[in-house]
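Structure first, commentary second.
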Amino acid sequence: MILSYLKIEFKVIMRKKTTLILSILFPVIFYILFTTILELPEDVKPKFYKEYMY
């Protein structure tokens, strides 16, 4: 039953482009932005990752 719901959700996400962008692409872009592009000092990185990435 859960697999059926998952299939339906996947179809809905793929059909609506706005939903696809907001639910999948934005989180990926923000994750990449905050983890690779953001230059933090080494002593601040553990605190930043703990507070903002979890």
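Here, each number is a calculation from the coordinates, and none is a lab measurement. Just so it is clear, the structure is predicted and the values come from calculations on it, not from any experiment. FYI the Cβ positions are ideal-geometry reconstructions off the backbone, even for glycines, and counts take in every protein chain you see.
Worth a mention:
- Only one residue of LEU40, ILE13, TYR54 has its Cα farthest out toward the positive end of the dipole of the chain, where Lys and Arg carry +1 and Asp and Glu -1 on Cβ, and that residue is ILE13.
- Only Lys, Arg, Asp and Glu carry charge here, each on its Cβ (+1 for the first two, -1 for the last two); on that basis segment 2-52 has a dipole of about 500 debye about its Cα centre.
- FRET E, pair LYS47, LEU22, Förster distance 22 Å, beta-carbon r, rounded to 0.05: 0.15
- Eligible aspartates and glutamates near LYS50 by straight Cα distance, threshold 20 Å, same-chain separation 8 or greater: GLU39, GLU42
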